[in-house]
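Below is one structure, written out as structure tokens; comments come after it.
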Ligand code: SF4
């Protein structure tokens, strides 16, 4: 029988577990303190737990932090981490420093089944969902690599996979990350990105998690979006944007729309104007991502003047639009470029 991963449990569930093996509930809080406060994954090393309790706990459970197999630094300061899960599955997380921020991008699936035309990860297909513990474990593994005094300030669910297609594990991991007895992350510093699974967005809106939402939009007409993102055939743009209008967005927060600029496909002034019309009534900000080329993609990055002209139209209409020259491009860690080949 495989052992329970303590990273799959909320602090209150750690208390239940402590009680179920004959200890007082506060032992659960002590365990959470070791794991999340001190970064200790070895149950034997949790020295304020009685020896017998530790032995019983270690017989039933483990703290399975994915192991870092490789760290690849990029010239822009970001770092790709290749992590190995207990079953040998390989996933990636990316650490991205930017001024006073340090953002960690986490994966939620091994591979991805959504086959967006411009995305390298999509060519892998879906191997499996990650557990909540494997998502939380990426944060612990990345944190352990930081020099003294540095800390992860933001987390984005934008790595391999579609977070809302792995809904239960994604939501559970968000609860563990934001729990005051867990990693105590502010939900305002966490962003969940989705291709636009409308029913899951509506469900997320009811969870009262208060995390930020990002939508991979990438096109302004259903015709083009159908071509770029097969998911659009199930949920049309209008339906997706209606769900965004209903999503609870806190004061001073905005929904982020990711828009990868592809030469001759979605980068014209008419696309920019359509985007302005589509986003009416939504507190939005747009991340324009000039396409990061990968071999065999069939797409190209637009010329700089086209990129700037696209941004200009959005700005003229009062829409906040930033060009994201993707970080980690030279190490294959930029948006839509995460792919891990399994080495045998
Ligand atoms: S863009 Fe996101 S949803 Fe689409 S294939 Fe890539 S990882 Fe999957």
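The values are calculated or read from the model by the stated rules, or taken from the named source; none is laboratory data. If you're wondering where the values come from, they're calculated on a predicted model, not measured in any experiment. Ideal geometry is used to build each Cβ from the backbone, glycine not excepted, and the neighbour counts take in all protein chains shown.
Among all residues of region 273-282, there is none that is farther than 30 Å from residue 109 by Cβ, modelled with pLDDT of 95 or more and part of a loop (DSSP other than H, G, I, E, B). Just one of (1) modelled with pLDDT under 95; (2) within 12 Å of the ligand (Cβ to nearest atom) fails for residue 149. It is (2). Residue 122 meets each of the listed conditions (1) crowded, with 20+ Cβ neighbours inside 10 Å; (2) at pLDDT below 95; (3) away from the ligand (no atom under 16 Å from the Cβ) apart from (3). Candidates 105, 85: the one that is at pLDDT 95 or above, over 30 Å from residue 233 (Cα atoms) and buried (at least 19 other Cβ atoms within 10 Å of the Cβ) is 85.
If you go through region 283-293 and keep only what is assigned to a loop (DSSP other than H, G, I, E, B) and either surrounded by fewer than 18 Cβ atoms within 10 Å (Cβ to Cβ) or without any contact (Cβ under 8 Å) to a residue 60 or more places away in the chain (or both), you end up with 283, 292, 293.
Conditions tested, residue by residue: (1) under 23 Å from the mean Cα position of the chain (by Cα); (2) within 30 Å of residue 88 (Cβ to Cβ); (3) crowded, with 17+ Cβ neighbours inside 10 Å; (4) at pLDDT 95 or above.
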residue	(1), (2), (3), (4)
305	no, no, no, yes
309	no, no, no, yes
316	no, no, no, yes
324	yes, no, no, no
328	yes, yes, yes, no
332	yes, yes, yes, no
335	yes, yes, yes, no
339	yes, yes, yes, no
342	yes, yes, no, no
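Of the helices (runs of 4 or more DSSP H) entirely within region 154-254, those holding at least 1 residues that are within 24 Å of residue 127 (Cα to Cα) and within 15 Å of the ligand (Cβ to nearest atom) occupy 167-178, 198-205, 222-228.
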